[in-house]
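Novice: Sending over a structure as structure tokens; questions will come in a sec.
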Amino acid sequence: MTDLKLTEGLRIKSRTGPQDKEIKGIAYDSRRVKKDFLFVAVRGLSVDGHDYIEDAISRGAAAVIAEHAVELKRARQLAGQDEISFIEVPDSREALALISASYYGHPSKSLSLVGITGTNGKTTTSYLTKSIIEAGGKTSGLLGTICYMTGNGTTNAFNTTPESMDLQRYLSEMVNNRMEYAVIEVSSHALSLKRVEGCSFRTAAFTNFTQDHLDFHGTMDEYYKAKSRLFNYLVKDGDAVLNIDDPMIRTLAHTLNCNVITCGIDEGAMIKAENIRETGTGGQCPGVKGCRFGMSFDVRTPDGGFEISTSMLGRFNVYNILTSIGIAYSLGFNEDTIQQGIKHAKPVDGRFESIDEGQDFLCIVDYAHTEDALRKLIEEARALTGKRVITVFGCGGDRDRTKRPVMGGVATELSDLAVITSDNPRSEGPLEIIKDIVKGVKKSNYTIQPVRDEAIREAISMAKEGDTVLIAGKGHENYQEVNGVRHHFSDKEIAREAISNRLNKHRDRNAKK
């Protein structure tokens with residue numbers, strides 16, 4: 001495909017050099033440029049691709065797209081105008097997304113594409129949706145916080161939503177593997193950075209809206225606007241699935257110019273949960289081996305009603321399930337398929353995951369890293385245990401500082417004991433982050449242990465029969481990011497090791513008696 005064909009429909013400010021260069025690939029990282037590639041200079045959060053135009057040319061780029069006229073002019077002078085096509089655009093991120101969609105043959109148009117946004121619940125909702133689709137005998141790819149599934153195996157995710165070029169490549173792999181559906185988590189960063197530009201969504205869902213990412217968006221209003229952009233990418237007859245128990249999303253429901261499917265627990269929702277009840281081992285689970293989680297509830301829809309049974313727990317998961325039902329309803333799946341898909345959905349890695357080594361207390365690992373998610377996590381744990389809730393948590397470095405004291409207040413107010421620690425400190429000092437957290441604490445029921453593995457061991461060592469230990473913030477993550485380096489670290493591995501060591505010491509003491 002020529003650069004002229006690829007750039008059809010782009011907003012172009014200027015163009016010099018040949019326009020019929022055959023393009024053999026696209027790159028936004030100069031290190032990945034090969035002969036006859038098109039290089040798109042994208043301004044990142046910490047690195048500016050315009051600084052690497054010359055490097056891309058030296059590696060064989062046949063065409064360059066950029067926003068900065070000065071950098072393009074300098075590159076033209078060095079390379080010679082007759083050899084390379086130079087294209088100036090007002091927005092290189094937009095250009096990268098549209099060119100990538102064109103290069104890969106607009107794969108989203110060959111899929112029933114589902115996009116899920118929201119502060120919390122995106123991952124669980126996406127897994128539930130995929131499970132329902134597959135229960136209906138269809139095939140579905142998935143892109144999200146934990147991993148990417150395209151039919152070519154499973155790849156660990158780097159971003160919740162891949163960069164636009166990578167996103168189009170993954171969607172293309174799904175098409176090539178004859179998948180019919182694709183379910184993707186769409187982050188507010190992705191929407192602001194135009195990663196889903198060029199995508200055509202059949203269904204778009206909004207799970208909830210609470211504080212997060214203000215380091216990037218600046219204000220809650222800008223954060224909300226970013227989330228709401230997802231619905232701009234719906235196809236003409238596409239559906240919006242909205243949790244209208246959330247007041248901000250309820251407002252959105254009245255402004256969208258598309259078909260809206262509402263879900264919730266309160267009155268007024270098209271898809272409504274009623275008569276929510278716990279199943280499994282009962283109301284309180286003391287943490288003994290074999291403790292089973294579960295709940296059931298009735299669902300009311302415009303077409304009637306049916307019962308849902310799941311191994312999940314918590315009001316927050318009722319909302320996740322309702323959203324997945326709304327998506328399935330949009331896609332035309334019947335009640336039996338929905339019931340089977342939810343009933344047999346596999347547990348989501350690091351989402352309210354029980355660490356069971358046979359101990360007499362509960363240990364739960366969860367990804368909760370916002371005030372709202374942490375609050376709901378602790379409240380659910382409180383409902384499970386008749387005794388203490390011990391919460392291990394921290395806040396990420398180089399991220400929204402305003403949520404740190406709020407999370408500190410929530411953890412200490414709702415837990416019997418909080419162990420405040422590190423959570424991907426990145427370039428910040430762990431103790432400086434912890435100082436911010438403690439500013440919101442009004443009680444004295446906390447300890448500070450900046451070394452996260454020691455914090456987990458400390459919490460587990462303090463647990464007594466019937467207690468619940470919550471390890472919040474990292475969930476599925478298998479790394480701790482410090483000064484730009486990701487070191488192997490798993491909350492689940494540390495917790496299992498600590499519990500096993502505790503049990504072994506107990507057995508040794510009994511053997512000596």
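What follows draws every value from the coordinates through simple rules; no lab data is involved. Please read these numbers as outputs of a predicted model, since none were measured by experiment. Positions of Cβ are generated from backbone atoms using ideal geometry, with glycine treated the same way; all protein chains shown enter the neighbour counts.
Novice: Just going by the charge dipole of the stretch 353-508, with Lys and Arg at +1 and Asp and Glu at -1 on Cβ, which of S354, A411, N504 is farthest out on the positive end?
Specialist: Of the candidates, A411 comes out farthest on the positive side.
Novice: Please compute the length gained on full extension between K73 and Y224, using 0.36 nm multiplied by the number of residues separating them and subtracting their Cα-Cα distance. Could the numbers behind the result be given before it?
Specialist: Details: separation 151, 0.36 × 151 = 54.36 nm, distance 3.82 nm.
Once the chain is fully extended between K73 and Y224, it gains 50.5 nm.
Novice: While we're on this one: With everything on Cα atoms, drop me the angle between helix 452-462 and the longest principal axis of the chain, reported from 0 to 90° to the nearest 10.
Specialist: Around 20 degrees separate the two axes.
Novice: What is the angle, in °, between the Cα long axis of helix 315-331 and the longest principal axis of the Cα atoms in the chain? Nearest 10 is fine, range 0 to 90.
Specialist: On a 0 to 90 degree scale, this one is about 40.
Novice: Gap in Å between the Cα centre of the stretch 221-240 and the Cα centre of the stretch 27-90?
Specialist: 32 Å
Novice: With only alpha-carbon atoms counted, please give the Rg and Dmax of the stretch 353-508, in Å.
Specialist: 14.5, 47
Novice: Let me ask something additional. Using alpha carbon coordinates only, what is the Rg to Rh ratio of the stretch 322-435, with Rh defined as the Kirkwood radius? All intermediate terms of the calculation are to be shown ahead of the outcome.
Specialist: Working: Rg = 17.7 Å, Rh = 16.5 Å.
Radius of gyration over Kirkwood radius for the stretch 322-435 works out to 1.08.
Novice: Going down the list K109/K194; K5/K73; K343/K403; K21/K225; K376/K492, which pairs span over 29 Å between their C-alpha atoms? Mind showing how you got there, number by number?
Specialist: Numbers: K109/K194 18 Å; K5/K73 23 Å; K343/K403 35 Å; K21/K225 39 Å; K376/K492 20 Å.
Violating the 29 Å Cα-Cα cut-off are K343/K403; K21/K225.
Novice: If you place +1 on the Cβ of every Lys and Arg, -1 on the Cβ of every Asp and Glu, and leave all else neutral, what size is the dipole of the stretch 105-343 about its Cα centre, to the nearest 20 Debye? Kindly include the intermediate steps, with their values, before the conclusion.
Specialist: Details: 21 positive and 24 negative charges, 82 e Å.
Roughly 400 debye, rounded to the nearest 20.
Novice: Another one. How far is helix 122-135 tilted, in degrees, relative to the longest principal axis of the Cα atoms in the chain, given as a value from 0 to 90 rounded to the nearest 10?
Specialist: Computed tilt is about 90 degrees.
Novice: Rg/Rh for the stretch 105-343 to two decimals, with Rh computed the Kirkwood way over all alpha-carbon pairs.
Specialist: Numbers: Rg = 17.4 Å, Rh = 18.1 Å.
Here Rg/Rh amounts to 0.96.
Novice: Can you give the Rg to Rh ratio for the stretch 3-102, taking only C-alpha atoms and Rh from Kirkwood? Mind showing how you got there, number by number?
Specialist: Values: Rg = 11.6 Å, Rh = 12.9 Å.
Reported Rg/Rh, Kirkwood definition of Rh: 0.90.
Novice: Under the definition of Cα pairs under 8 Å and six or more residues apart, what whole-number percent is the relative contact order of the chain?
Specialist: Numbers: 1157 pairs, mean separation 55.0, N = 513.
Relative contact order for the chain comes out at 11 percent.
Novice: If you put +1 on each Lys and Arg Cβ and -1 on each Asp and Glu Cβ, how big is the dipole of the chain around its Cα centre, in Debye rounded to 20? Kindly include the intermediate steps, with their values, before the conclusion.
Specialist: Details: 66 positive and 70 negative charges, 152 e Å.
For this selection, approximately 720 debye.
Novice: In nm, give the distance between the simple-model label positions of D91 and D303, each being 7 Å from the Cα along the Cα-to-Cβ direction.
Specialist: Modelled inter-label distance: 3.8 nm.
Novice: Okay, moving on. Nearest 500 deg cm²/dmol is fine: what mean residue ellipticity at 222 nm does the chain get from its DSSP H runs of n ≥ 4 alone, each adding -39,500 (n - 2.57), divided by its residue count?
Specialist: On the way: 17 runs with 179 residues, N = 513.
Estimated from H runs of four or more residues: -10500 deg cm²/dmol.
Novice: Hey, another quick one. Can you give me the distance in nm between label points at Q340 and E22, each placed 7 Å from the Cα along the Cα-to-Cβ direction?
Specialist: My value for the distance between the label points is 4.9 nm.
Novice: Going Cα to Cα from K505, which lysines come in below 19 Å? Please leave out same-chain ones fewer than 8 positions away.
Specialist: K289, K464, K513
Novice: Also, quick follow-up: For the stretch 1-117, calculate the relative contact order in percent as a whole number, restricting contacts to Cα pairs under 8 Å that are 6 or more residues apart.
Specialist: On the way: 206 pairs, mean separation 32.4, N = 117.
Taking the mean separation of contacting Cα pairs over the length of the stretch 1-117, I get 28 percent.
Novice: What's the magnitude of the charge dipole for the stretch 3-102 around its Cα centre, counting Lys and Arg as +1 and Asp and Glu as -1 at the beta-carbon? Answer in Debye, nearest 20. Write down the numbers at each step before the final one.
Specialist: Working: 16 positive and 17 negative charges, 23 e Å.
The dipole of the stretch 3-102 has a size of about 100 debye.
Novice: Quick one: net charge around G475, please, counting Lys, Arg +1 and Asp, Glu -1 for every other residue with C-beta under 11 Å from its C-beta. Mind showing how you got there, number by number?
Specialist: On the way: positive: R351, K474, K492; negative: D349, E353, D366, D423, E477, D491.
Computed value for this residue: -3.
Novice: Would you mind checking which residues have amide H under 5 Å from M270's amide H? H placed 1.01 Å from N; only 5 or more apart, or other chain.
Specialist: Those lying under 5 Å, H to H, from M270 are T262, C263.
Novice: Further, regarding this structure: Compute the relative contact order of the stretch 227-283 as a whole-number percentage, counting only Cα pairs closer than 8 Å that sit 6 or more residues apart in sequence.
Specialist: Working: 61 pairs, mean separation 14.9, N = 57.
Value for the stretch 227-283: 26 percent.
Novice: K442 versus H488, label points 7 Å from Cα toward the beta carbon: distance in nm?
Specialist: For K442 paired with H488, the spin-label model returns 4.5 nm.
Novice: Multiply the residue separation of L214 and R11 by 0.36 nm, subtract the distance between their alpha-carbon atoms, and state the gained length in nm to one decimal.
Specialist: 70.1 nm is the gain from fully extending L214 to R11.
Novice: What translational diffusion coefficient, to the nearest whole µm²/s, does the chain have by Stokes-Einstein, given a Kirkwood radius computed over alpha-carbon pairs, a temperature of 10 °C and 1.306 mPa s viscosity? Write down the numbers at each step before the final one.
Specialist: Values: Rh = 24.6 Å.
In µm²/s, the coefficient rounds to 65.
Novice: On to the next question. If you take every DSSP beta bridge whose two residues both sit in the stretch 353-508, what share of them, in percent to the nearest 5, is antiparallel?
Specialist: On the way: 6 of 23 bridges.
Of those bridges, close to 25 percent are antiparallel.
Novice: Residues with amide H under 5 Å of V469's amide H, sequence separation 5 or more or different chain, H placed in the peptide plane at 1.01 Å from N; which?
Specialist: Hits under the 5 Å cutoff: L362, C363, I364, I390.
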